[in-house]
């Protein structure tokens, strides 16, 4: 049988190779790099195709496609969100993604994105806090100590200089897991018995819970002036974490309003409630935190441009590493018009 040409092969980054790449670069360094890549793409935000993610909702979760392009490179991510998976011993979120060349339509890379999504989500959170959190913030409350929690804590350490993280989860085993994983990584880790205890002395409040319902993880009276809230765990219609009154007191910053108004905390507000797009702050077109006593809220739902940035970063780091394998993915006959003939020749061989 005729061997495939080089055009047929697409680099594939498996979970094993993604872990090897992350450990080769360093977990914190990779999140610093990802934040820089995302920040650079946010500065050229108008160049990108933008659409709310294409979602297929069910009563147990959601499956989504997240596409975008900058005109030269196209990327998409497949991602699910199934909160009940945890009870089955499965991940709540899994993902994979693809980069392609706009000029030819040929794929450039296929990659796992379960790990990469955790890394880019944390990097985006810390990037937003770099622009919005009170100056000199040293302490973060991490409410929800599941799969994302350690990534969030280390991203805020590496990018924002956080030195203490205060942990709370309704499941004490999750808090013990998170504290054990963060031990020896340069943070003061304080397990807490309640959410109220966790937020004591914290300038940054991160919520990252998984229940698919309108929950109240933070009530209005828990949130004092001058804090930054990083709301990570919403991301679908009918699922929120913050009391509505907190939103009414906060300066709200989002990724892409048409998506966030469907999925984020602001689904609780009027469709015309004013919000500021994070890219505008980064590009100098809008004001971020304007008062030390202001409450700022990053209503994080995740947007395709962040995944595009992460995929492009990984692609740029693959050359010469061996942290990928070639997949024979593209039919590449000698004569582009003779795909059927390629099939016949394979039969003859």
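The values are calculated or read from the model by the stated rules, or taken from the named source; none is laboratory data. Worth saying up front: this structure is predicted, and the values here are computed from it rather than measured. Every residue, glycine among them, receives a Cβ derived from its backbone with ideal geometry; neighbour counts consider all protein chains shown.
Could you tell me which residue of region 255-279 is surrounded by the most Cβ atoms within 10 Å (Cβ to Cβ), considering only residues that are part of a helix (DSSP H, G or I) and free of Cβ contacts under 8 Å to residues at least 24 places away in the same chain?
Step by step, filter region 255-279, then rank; the result is 261.
Working carefully through the options 252, 229, 217, find the one that is in a strand (DSSP E or B), crowded, with 18+ Cβ neighbours inside 10 Å and either more than 19 Å from the chain's Cα centre (by Cα) or not assigned by TED's automatic domain parsing to the domain that holds residue 127 (or both).
Every option except 217 fails the conditions.
Quick one: which residue in 73, 68 is surrounded by fewer than 20 Cβ atoms within 10 Å (Cβ to Cβ) and more than 30 Å from residue 163 (Cα to Cα)?
73
Looking at region 319-349, which of the residues that are part of a loop (DSSP other than H, G, I, E, B) and modelled with pLDDT of 95 or more is farthest from residue 8 (Cα to Cα)?
323
For region 304-318, state whether one or more residues are assigned by TED's automatic domain parsing to the domain that holds residue 39, within 25 Å of the chain's Cα centre (by Cα), in a loop (DSSP other than H, G, I, E, B) and closer than 30 Å to residue 8 by Cα.
Within region 304-318, not a single residue is assigned by TED's automatic domain parsing to the domain that holds residue 39, within 25 Å of the chain's Cα centre (by Cα), in a loop (DSSP other than H, G, I, E, B) and closer than 30 Å to residue 8 by Cα.
Return yes when residue 208 is within 16 Å of the chain's Cα centre (by Cα) and closer than 17 Å to residue 166 by Cα and no when it is not.
yes
Would you be able to say whether some residue in region 16-35 is touching a strand residue (DSSP E or B) at 6+ places or on another chain (Cβ under 7 Å) and closer than 15 Å to residue 255 by Cβ?
no
Please determine whether any residue of region 141-149 is at positive phi, surrounded by 20 or more Cβ atoms within 10 Å (Cβ to Cβ) and touching a residue at least 60 places away in the same chain (Cβ under 8 Å).
yes
Considering only region 26-54, state which residues are over 26 Å from residue 285 (Cα atoms) and either crowded, with 18+ Cβ neighbours inside 10 Å or free of Cβ contacts under 8 Å to residues at least 60 places away in the same chain (or both).
26, 30, 54
For region 1-92, which fully contained strands (runs of 3 or more DSSP E) count at least 1 residues that are in contact with a helix residue (DSSP H, G or I) (Cβ under 8 Å, 6 or more places away or on another chain) and in the same structural domain as residue 105 (by TED's automatic domain parsing)?
Fully inside region 1-92 and qualifying: 9-13, 62-69, 73-81.
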